[in-house]
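Working notes, beginning with the structure itself.
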Amino acid sequence: MYNERTLLQKINLFLKGLAMGGANKVPGVSGGMVAFVMGFYEELIFTFQRINGKAFKLFLNGRFKSFAQYTNIQFLALVMLGSMFSYFSVSLVLDYFLKNYELYVWAWFFGMIIGSIYYISKDFNDWRLKNVVSLIIGASIGIAISFMTPAKENDNLWFVFVCGIIGVSGMTLPGLSGSFILILLGNYVLLLVDSVNALGSVVTSLLSGDFEVLKDQTKIRYLKVISVFTAGSAFGLVSISHVLGYVLKRWHQIVTAVIIGFITGSLGIVWPWKETIYKVNNDSFLLDRNGNKIVENYERFMPDFSTQETWVSMTFILLGIILILIIEFYGRKRK
C-alpha cells in the first residue's frame with residue numbers, strides 16, 4: 001500500500017480526489033461511493049487510521065521520512081489536494097449545471113448510483129442471513145434519511161463543528177451523502193456555498209494585495225465558520241476512519257452488505273423527478289440571513305413518458321450507468 005507511485009499514478013490519484021470532492025458537494029451523492037467504485041476506499045480508510053499517536057511521535061522527533069511512509073502521506077496529499085481543488089473548479093461547474101439543467105444532472109447521478117450498486121454487488125456472493133439483514137438495515141436507514149425534513153440554519157460554532165464531523169461522513173461512508181446530511185441539518189448553504197465563496201473571495205483579495213478585506217466582519221464570520229467546519233471535518237475523518245477500519249477488518253462482509261444497502265437507499269435522495277418545496281409564510285418564501293430560500297422538503301413524482309424531456313433524462317441515466325461500467329472495465333484491465 002505504501003509503495004512509491006509513478007507520475008501517471010499520482011495524476012490518476014489527484015483526478016480521483018477531484019471526482020470525490022465534486023461528489024461530496026452534490027446533495028445525494030457520496031464521495032465515499034466514488035472512492036469505493038474507483039478502488040481506493042479501503043486504502044483511504046486505513047490511511048486515515050495512521051493519523052494517530054505514533055504518527056505525531058515520529059513527526060515531533062523529526063523522523064519526517066518515517067512519518068511520510070507510516071502515514072502514506074503521498075496518497076493522502078494527492079487525494080485531499082484533488083478534493084480541495086474540486087471545491088473551486090469541478091464543484092462550481094456542477095453548481096452551474098444543477099441550476100440550469102437540474103433534471104438531467106440528477107438523472108446522470110441516478111444512473112451512476114444504479115451502476116455503482118451493480119459494480120459493488122456483482123462479486124458479493126455471501127448472501128447468508130446476517131448479510132441479508134445488514135443489507136436491509138442499510139437500505140432502511142438510507143430511505144429514512146431520504147425522507148427526513150431539513151432543519152433551520154444554525155451558525156453557532158459548536159454546531160458547525162458537529163456539522164463537520166457528521167458532514168464528512170459522505171467521504172467515509174459510501175451511500176451516505178454528507179451534503180444531503182448538511183441540508184437536513186440546515187447548514188448546506190452556509191457551509192458549502194456561502195463560506196466557500198467567502199473564502200475564495202478573501203484569498204483572491206489578499207493575493208491581489210487588498211488587505212482591507214480582513215476588516216469585513218461578514219467575511220471574517222464566514223472564515224471562522226469554515227475554519228471550525230474544517231476542524232470538525234478533520235476530526236470526523238480520523239475518528240470515523242478508525243471505527244470503520246476496525247469493523248472492515250473484523251466484519252468485512254457485513255459492512256459491505258450495509259454499504260450496498262446504503263447506496264440502494266440513497267436512490268430516493270437523487271430521484272430525478274422531484275420538486276424542491278421551500279418554506280413559506282403568508283404566501284412569501286422564508287429566507288435565511290443571506291437571502292437564500294429555506295428548503296422544507298422534496299416532492300417526488302413519476303416521470304411523464306410523453307415528453308421529450310423525460311426521454312432525454314432516461315438517456316442521461318443510461319450514460320451514468322455506462323460511465324460506471326467503463327470505470328469497472330478500466331479497473332479490471334489494470335489488475
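Name the residue that is surrounded by the fewest Cβ atoms within 10 Å (Cβ to Cβ), counting only residues in the range 231-269 that are farther than 24 Å from LEU191 by Cβ and of a type in the set (Ser, Thr, Tyr).
TYR246
Do we find that SER266 is of a type in the set (S, T, N, Q) and at pLDDT 80 or above in this structure?
On the way: of a type in the set (S, T, N, Q): yes; at pLDDT 80 or above: no.
Here the answer is no, as SER266 does not meet what is asked.
If a residue has to be in a loop (DSSP other than H, G, I, E, B), modelled with pLDDT of 80 or more and either farther than 27 Å from TYR188 by Cβ or of a type in the set (S, T, N, Q) (or both) to count, how many in the range 287-335 make the cut?
Of the residues in that region, 4 qualify.
What's the number of the only condition in (1) part of a helix (DSSP H, G or I); (2) loosely packed, with under 14 Cβ neighbours inside 10 Å; (3) not hydroxyl-bearing (Ser, Thr, Tyr) that VAL228 fails to meet?
The one condition VAL228 does not meet is (2).
Within the set of pairs 6+ apart or on separate chains, which have a first residue in the range 119-138 that is part of a helix (DSSP H, G or I), a second that is aromatic (Phe, Trp, Tyr), and C-beta atoms under 6 Å apart?
Sorted first by the residue in the range 119-138, then by its partner, the pairs are GLY138/PHE262.
Would you point out which residue out of GLY209, GLY245, GLY186, GLY142 is more than 25 Å from LYS99 (Cα to Cα), part of a loop (DSSP other than H, G, I, E, B) and not charged (D, E, K, R)? Step through it out loud before you land on a result.
On the way: GLY245 fails: part of a loop (DSSP other than H, G, I, E, B); GLY186 fails: more than 25 Å from LYS99 (Cα to Cα); GLY142 fails: part of a loop (DSSP other than H, G, I, E, B).
Answer to the check: GLY209.
Can we say PHE85 is surrounded by 14 or more Cβ atoms within 10 Å (Cβ to Cβ), among the aromatic types (Phe, Trp, Tyr) and at pLDDT 80 or above? Steps first, please.
Values: surrounded by 14 or more Cβ atoms within 10 Å (Cβ to Cβ): yes; among the aromatic types (Phe, Trp, Tyr): yes; at pLDDT 80 or above: yes.
Yes, satisfied.
Considering only the range 37-51, I want to know if a residue exists there that is surrounded by fewer than 21 Cβ atoms within 10 Å (Cβ to Cβ), without any contact (Cβ under 8 Å) to a residue 40 or more places away in the chain, of a type in the set (Phe, Trp, Tyr) and closer than 26 Å to GLY261 by Cα.
yes
Inspect the range 220-237 for any residue being within 30 Å of LYS130 (Cα to Cα) and not β-branched (Val, Ile, Thr) and give the result as yes or no. Walk me through how you get there before you give the answer.
To start, the set of residues in the range 220-237 that are within 30 Å of LYS130 (Cα to Cα) comprises 236-237.
Next cut, not β-branched (Val, Ile, Thr) only: 236-237.
There is at least one residue in the range 220-237 that is within 30 Å of LYS130 (Cα to Cα) and not β-branched (Val, Ile, Thr).
List every residue pair whose Cβ atoms sit under 8 Å apart, with the two residues 6 or more apart in sequence or on different chains, where the first one lies in the range 209-233 and is touching a residue at least 60 places away in the same chain (Cβ under 8 Å) and the second, anywhere, is acidic (Asp, Glu).
Close Cβ pairs (under 8 Å, with a partner that is acidic (Asp, Glu)) amount to ARG221/ASP155; VAL225/ASP155.
Among the numbered criteria (1) of a type outside the set (Phe, Trp, Tyr); (2) under 21 Å from PHE110 (Cα atoms); (3) outside any helix (DSSP H, G or I); (4) modelled with pLDDT of 80 or more, which single criterion is violated by PRO174?
It fails just one condition, (4).
Against the condition crowded, with 19+ Cβ neighbours inside 10 Å and either at positive phi or modelled with pLDDT of 80 or more (or both), how does SER205 come out, does it pass?
no
The values are calculated or read from the model by the stated rules, or taken from the named source; none is laboratory data. Note that the structure is predicted; figures quoted are calculated from it, not measured. Glycine also receives a Cβ, built like all others from the backbone with ideal geometry; neighbour counts cover every protein chain displayed.
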